[in-house]
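Heads up: the structure comes next, in structure tokens.
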Amino acid sequence: MTESLKDRAAIVGVGKTPQGKVPGSTQLSLATDAFTAALADSGLEKSEIDGLLTFPGTTAPEGPLNYLRVAETLGIDPAYTGSMSMGGGTAGALVQMAAMAVATGMATTVACVFGDAAKTGGSRFNRASGWGDSWGIWGMMGAAANSAIAASRHMALYGTTSEQLGEVAVACRRHASMNPDAVMRTPFTLADHQASRWIVEPLHLLDCCLISDGGVCIIVTSAERARARETKQPPVFLSGMGQAYTARTLERPDWWYVPHQKDALDKAYAMAGVGPADVDVAQLYDNFSISVLLWLEHAGFCGVGEAGPYVEGGRIQLGGDLPVNTAGGNLSESYMEGWLHIVEGVRQLRGDCGERQVSGAEVCLVTGRGMTLNCSNAMILSKDGLT
């Protein structure tokens, strides 16, 4: 990605389905309903969508052919299409692919679509957390095991505490309590967090994300079209984008710290021409509470090893220095593998968030990560563009 992509594309429509437990739904029906909602939000006609990018989720029987099944169901013959599966890194990667497609003329308007029935469809994310069965033999089951290693190491090196992880969880739940669409809305205290059962020590139940049914769609078009106000909603510009990956895991001594996340953030900052001091609100991928601490350090809001003290005292809550995950995040809003983080970023910059609105928000940082901590991406969204 190069500087030439800065502010070349904009998000002009977002849509989501009911979240949590949606009996009778399938990943396909949820994806379709989300697309319909995003199309209505944008004010565009279905015939204007000539790009389609999808994430199959955990319950799509067709797997990598999901884009064909979704396009058939929607009645679209796209000029640009495909499916990608990077877990929580997929949403950001697809939106960035959509931005590149419209900037290069491969498509004019791209719908990025996700649907999953993980809650009612039998998926419990409980497979071995590494390749094949080798990790499961010695107890590395589920994504929580990876993040438990990260939390344990951060604690050992920097003195981070479980209560500091709890600050993240408490903040997300407080924000979710202001979000009528959130799955979990009842606030809890640090004491409640500490009393919740262990999942993989040192992670408590309230350090862990939800498992949810739901669908999300994000529509991307060119900045020129967006500025011409050919859409119903004010545009939110993609001012900075970055991706970074590693194919290695335990053979890297620093794997637990996911250092490539900083590379993705540095690229996004550089493209947008901004730094952490310019960010008004952040939607940081939170499959587990420790993830937010690592993002805060990689993004430059605090130094290495300093995120634990940084989050104390409500600093990442609404009204604090850096409101984080203002809809509740994966921990409390719903687990849509990072898709709803982008939706919330868009709505914050539109000023549509009601009680949880960050006053004067003009720049939002959104991050995503997935698989066995291998994939990461970051985006700087802006209200008016940063050119």
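The values are calculated or read from the model by the stated rules, or taken from the named source; none is laboratory data. This is a predicted model, so every value here is computed, not measured. In this analysis, Cβ positions are derived from the backbone assuming ideal geometry, glycine residues included, and neighbour counts consider all displayed protein chains.
For the stretch 176-184, check the following and say yes or no: at least one residue is more than 29 Å from VAL70 (Cα to Cα), assigned to a loop (DSSP other than H, G, I, E, B), modelled with pLDDT of 95 or more and of a type in the set (D, E, K, R). No; the residues of the stretch 176-184 include none that is more than 29 Å from VAL70 (Cα to Cα), assigned to a loop (DSSP other than H, G, I, E, B), modelled with pLDDT of 95 or more and of a type in the set (D, E, K, R). What pairs come up if the first residue lies in the stretch 334-348 and is farther than 12 Å from GLY57 by Cβ and buried (at least 24 other Cβ atoms within 10 Å of the Cβ), the second is among the acidic types (Asp, Glu) and modelled with pLDDT of 95 or more, and their beta carbons are under 6 Å apart, counting only those six or more places apart or on different chains? If the second residue must be among the acidic types (Asp, Glu) and modelled with pLDDT of 95 or more, the pairs left are LEU340/GLU333.
Of the residues making up the stretch 247-268, just one is at pLDDT 95 or above, over 18 Å from ALA93 (Cβ atoms) and assigned to a helix (DSSP H, G or I), namely TYR257.
Is it fair to say GLU224 is out of contact with any Leu (no Cβ under 7 Å at 6 or more places or on another chain), part of a loop (DSSP other than H, G, I, E, B) and farther than 30 Å from GLY20 by Cβ? No: the conditions fail for GLU224. Only a single criterion out of (1) modelled with pLDDT under 95; (2) charged (D, E, K, R); (3) in contact with a strand residue (DSSP E or B) (Cβ under 7 Å, 6 or more places away or on another chain) is not satisfied by LYS16, namely (1).
Go through the residues of the stretch 200-207 one by one and say whether even a single one is among the acidic types (Asp, Glu), part of a loop (DSSP other than H, G, I, E, B), more than 17 Å from the chain's Cα centre (by Cα) and surrounded by fewer than 18 Cβ atoms within 10 Å (Cβ to Cβ). Yes: the stretch 200-207 contains one or more residues that are among the acidic types (Asp, Glu), part of a loop (DSSP other than H, G, I, E, B), more than 17 Å from the chain's Cα centre (by Cα) and surrounded by fewer than 18 Cβ atoms within 10 Å (Cβ to Cβ).
Does the stretch 281-288 contain at least one residue that is closer than 20 Å to ILE380 by Cβ, charged (D, E, K, R) and without any contact (Cβ under 8 Å) to a residue 40 or more places away in the chain? Break it down into steps so the answer makes sense when it comes.
First pass over the stretch 281-288, keeping only residues closer than 20 Å to ILE380 by Cβ: 281-286.
So of that shortlist, the ones also charged (D, E, K, R) come out as 286.
Filter once more, keeping what is without any contact (Cβ under 8 Å) to a residue 40 or more places away in the chain: none.
Checked against the condition, which is being closer than 20 Å to ILE380 by Cβ, charged (D, E, K, R) and without any contact (Cβ under 8 Å) to a residue 40 or more places away in the chain, the stretch 281-288 yields no hits at all.
For the subset of the stretch 272-289 comprising residues that are surrounded by fewer than 24 Cβ atoms within 10 Å (Cβ to Cβ) and aliphatic (A, V, I, L, M), which member is farthest from LEU190 (Cα to Cα)?
Quick first cut of the stretch 272-289, residues surrounded by fewer than 24 Cβ atoms within 10 Å (Cβ to Cβ) only: 273-280.
The next check asks that each one be aliphatic (A, V, I, L, M); those that pass are 274, 277, 279.
On the way: VAL274: 34, ALA277: 28, VAL279: 27 Å.
Per the stated criteria, the residue is VAL274.
Residue check: LEU238 meets all listed conditions (1) part of a loop (DSSP other than H, G, I, E, B); (2) in contact (Cβ under 8 Å) with a residue 60 or more places away in the chain; (3) hydrophobic (A, V, I, L, M, F, W, C) but one, namely (1). Of the residues contained in the stretch 68-77, none is found to be charged (D, E, K, R), surrounded by 19 or more Cβ atoms within 10 Å (Cβ to Cβ) and modelled with pLDDT under 95. Note on the stretch 290-307: among residues that are among the small types (Gly, Ala, Ser) and farther than 14 Å from THR367 by Cα, the one that is surrounded by the most Cβ atoms within 10 Å (Cβ to Cβ) is ALA307.
For a quick check of your reading of the model, give me the residue pairs whose first member lies in the stretch 136-152 and is touching a residue at least 12 places away in the same chain (Cβ under 8 Å), whose second is part of a loop (DSSP other than H, G, I, E, B) and of a type in the set (Ser, Thr, Tyr), with beta-carbon atoms closer than 7 Å and at least 6 apart or on different chains. If the second residue must be part of a loop (DSSP other than H, G, I, E, B) and of a type in the set (Ser, Thr, Tyr), the pairs left are MET140/SER129; MET141/SER129; GLY142/SER129; ALA143/SER129; ALA145/SER129; ASN146/SER129; ASN146/THR372.
Scanning the stretch 150-181 for residues that are buried (at least 23 other Cβ atoms within 10 Å of the Cβ) and more than 21 Å from GLY320 (Cα to Cα) gives ALA151, HIS154. Applying a threshold of 6 Å to beta carbon distances and a minimum spacing of six or more residues, or different chains, the list of pairs starting in the stretch 97-112 at a residue that is over 20 Å from ALA378 (Cβ atoms) and ending at one that is of a type in the set (Val, Ile, Thr) and buried (at least 23 other Cβ atoms within 10 Å of the Cβ) reads THR109/ILE49; THR109/THR221; ALA111/ILE49; ALA111/ILE219.
For every residue, the table says whether it meets (1) touching a residue at least 12 places away in the same chain (Cβ under 8 Å); (2) farther than 25 Å from GLY214 by Cα; (3) of a type in the set (A, V, I, L, M); (4) in contact with a helix residue (DSSP H, G or I) (Cβ under 6 Å, 6 or more places away or on another chain).
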| site | (1), (2), (3), (4) |
| --- | --- |
| MET155 | yes, yes, yes, no |
| THR160 | yes, yes, no, yes |
| LEU165 | yes, yes, yes, yes |
| ALA169 | yes, no, yes, yes |
| MET178 | yes, no, yes, yes |
| THR186 | yes, no, no, no |
